[in-house]
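Asker: The following block contains the structure, expressed as structure tokens.
Bear in mind that the values in this text are calculations on the coordinates, not laboratory data. A quick note: this is a predicted structure, and the numbers were derived from the prediction, not measured. Note that each Cβ is placed from the backbone with ideal geometry, even for glycine, and that neighbours are counted across all protein chains shown.
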Amino acid sequence: MSPRSASVNEELRRRSRERLLQATVELVAERGYEATTLGDIADRAGAARGLVSYYFPGKRQLLQSAVHRLMHRTLQAALEREPRPTGEDAGRELLARAVDAVLGLAREQPRLIRTHMAGILQAEGFVQCPEQQRLAELLRDTLVRYGSQDVEQDYPMLRALLMGAVFAELLPGAPMPLARLRAELFQRYGLDWELGVPPAGGRPAER
């Protein structure tokens, strides 16, 4: 049997890494962070346990990469959803979809996203990884389509506003309603309420 080519080996490594990331999302959402071990993740992914350490320095870094992958895929699906926006308002529709995708993911996966945000506040902080870079590229491109004249300044602000809204949405004991958070973000960026995917219940009452 002839040895596998470099491209085949690279594809196998990519698939193994993807399975580990998906298994991490599933298990932490089901069991919580502390109850999920690296061995559990490897078993769910059908991978050798040593492979986890080969790709990731630890469980916290693995979780951040896994959630960034989920966020990237969720955001990409929202931006590419049919009908594709066209015309001069396309950028505003895309930004509305981006906001809705992030807030919606926090609503659908509260345990996972709460754990992710808690990890970011730990000593090791924010993990720079390929998944996070792809997520950043999508948000940056969305801002360009929206009409940003200074993405280097506008992207960190959008990221901070989204993270703040997610924190407020998931704050134990005192969560803010998604509709109110959405309205504040939409007002900040001059987006019409009807753009994106408006939540059930309609626009919150004006204060």
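Asker: Considering only Y146, Y155, Y54, give the residue with the highest GNM mean-square fluctuation for the chain, with springs between Cα atoms whenever their separation is below 10 Å.
Answerer: Y54
Asker: Same structure again: Taking the Cα centre of segment 1-121 as the origin and placing charges on Cβ (Lys, Arg +1; Asp, Glu -1), which of H68, A101, A48 is farthest toward the positive end of the dipole?
Answerer: Going by the Cα projections, it comes out as A48.
Asker: Hull surface divided by four, with the convex hull built on the Cα atoms of the chain: how many nm²?
Answerer: Numbers: hull surface 59.4 nm².
Here the figure is 14.8 nm², rounded to one decimal.
Asker: Could you give each residue of segment 60-67 its phi-based ³J(HN,Hα) in whole Hz, using Karplus coefficients 6.51, -1.76, 1.60 with θ = phi - 60°, and x for Gly or Pro?
Answerer: Values per residue, Gly and Pro as x: 5, 5, 4, 5, 4, 5, 5, 6 Hz.
Asker: Moving on. Report Rg(Cα)/(2.2 N^0.38 Å) for segment 1-121, keeping two decimals.
Answerer: In units of the 2.2 N^0.38 Å rule of thumb, it is 1.28.
Asker: In square nanometres, what is one fourth of the surface area of the convex hull spanned by the alpha carbons of segment 1-55?
Answerer: For the Cα atoms of segment 1-55, the hull's average projected area reads 4.1 nm².
Asker: Whole-Hz ³J(HN,Hα) for each residue in segment 14-21, computed from phi via Karplus 6.51 cos²θ - 1.76 cosθ + 1.60 with θ = phi - 60°, x for glycine and proline: what do you get?
Answerer: 4, 5, 4, 5, 4, 5, 5, 5
Asker: Evaluate the charge dipole of the chain about its Cα centre and quote only its size in Debye, nearest 20, assuming +1 on the Cβ of each Lys and Arg and -1 on the Cβ of each Asp and Glu.
Answerer: 640
Asker: Pop out the ³J(HN,Hα) list for segment 126-143 in order, Karplus 6.51 cos²θ - 1.76 cosθ + 1.60 with θ = phi - 60°, rounded to Hz; leave Gly and Pro as x.
Answerer: Per residue, the Karplus-derived 3J(HN,Hα) values read 7, 8, 8, 8, x, 5, 5, 5, 5, 4, 4, 4, 5, 5, 4, 5, 4, 5 Hz.
Asker: Sort 40-51, 59-70 for me by packing, meaning the mean count of neighbouring Cβ atoms within 10 Å per residue, highest on top.
Answerer: Values: 40-51: 16.2, 59-70: 22.2.
Highest-to-lowest ranking by the protection proxy: 59-70, 40-51.
Asker: Could you give log10 I(q)/I(0) at q = 0.23 Å⁻¹ for segment 90-207, computed by the Debye formula over C-alpha point scatterers of equal weight, without solvent?
Answerer: Values, matching the q order: -1.48.
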